[in-house]
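The values are calculated or read from the model by the stated rules, or taken from the named source; none is laboratory data. As the structure is a prediction and not an experimental result, all values here were calculated from the model. Methodologically, a virtual Cβ is constructed for each residue, glycine included, from the backbone with ideal geometry; neighbour enumeration extends over all protein chains shown.
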Amino acid sequence: MYDPWIDLDSRPEISLGTLKLKHGNGIWYADLGVIVLREGMTPAEQRCVLAHELAHIDNAHIRPDSDHGLGAHIIDRQEAEADRLAAFRLIWLEDLTRVFHLPDDEAAAILCVTPAIYRERVRIHESRLPYQCETPAPVSAGTGVRYGAGAPGVTGSPGVDRARSSPAAAG
């Protein structure tokens, strides 16, 4: 299972702090190398927000309040991409199918994610958005992307049938 805390620990260049944020639950300050989480969140919220902020880093997103003149549509796209990657990393297909029959809030609690992240993972599965059909692969340190087999704390690949994803099974 993907653990954003282990992922963060594998990135010594990134620090983590908590503050009473006026807006949002977390923010990545690239110029400082700091992720800030809002004080007072539940463990599930912390887990999801940290995974979301790490996804912004891995997707090389630009902070909306920087001087890059990003339009609202680009900011919305970046937020959706970060949510999608966080949901994909946090909820493996096997775990999703185990709780799929439950109400969203109950399924999210079992998986230790927020209902919003749970619903995003369901949406990925149902619409076969990117990450659903891809086999995540580990990349060398320093590239930012860390998920899939071989990543710290991860022993498999979320969202893929391992037998069908192997080259030998392909045939």
Q. Of all the residues that make up region 34-43, how many are surrounded by 13 or more Cβ atoms within 10 Å (Cβ to Cβ) and not basic (Lys, Arg)?
A. 5
**Q.** Index of the failed condition, Glu53 passing every other in (1) acidic (Asp, Glu); (2) more than 23 Å from Asp9 (Cβ to Cβ); (3) touching a Gly at 6+ places or on another chain (Cβ under 6 Å)
**A.** (2)
Q) Within region 1-11, can you find the residues that are at pLDDT 95 or above, closer than 17 Å to Ile117 by Cβ and assigned to a loop (DSSP other than H, G, I, E, B)? A) Asp3
Q: Report, by residue number, each residue of region 41-54 that is closer than 19 Å to His23 by Cβ and either part of a helix (DSSP H, G or I) or at pLDDT below 95 (or both).
A: Glu45, Gln46, Cys48, Val49, Leu50, His52, Glu53
Q: Hey, could you check region 12-33 for residues that are under 18 Å from the mean Cα position of the chain (by Cα) and not in a loop (DSSP other than H, G, I, E, B) and say which is surrounded by the fewest Cβ atoms within 10 Å (Cβ to Cβ)?
A: Ser15
Q: Could you pull out the residue among Trp28, Trp5 that is under 17 Å from Arg89 (Cβ atoms), in contact (Cβ under 8 Å) with a residue 12 or more places away in the chain and touching a His at 6+ places or on another chain (Cβ under 6 Å)?
A: Trp28
Q | Listing of helices (runs of 4 or more DSSP H) fully contained in region 68-147 that carry 3 or more residues being modelled with pLDDT of 95 or more and exposed (fewer than 14 other Cβ atoms within 10 Å of the Cβ) | A | 104-111
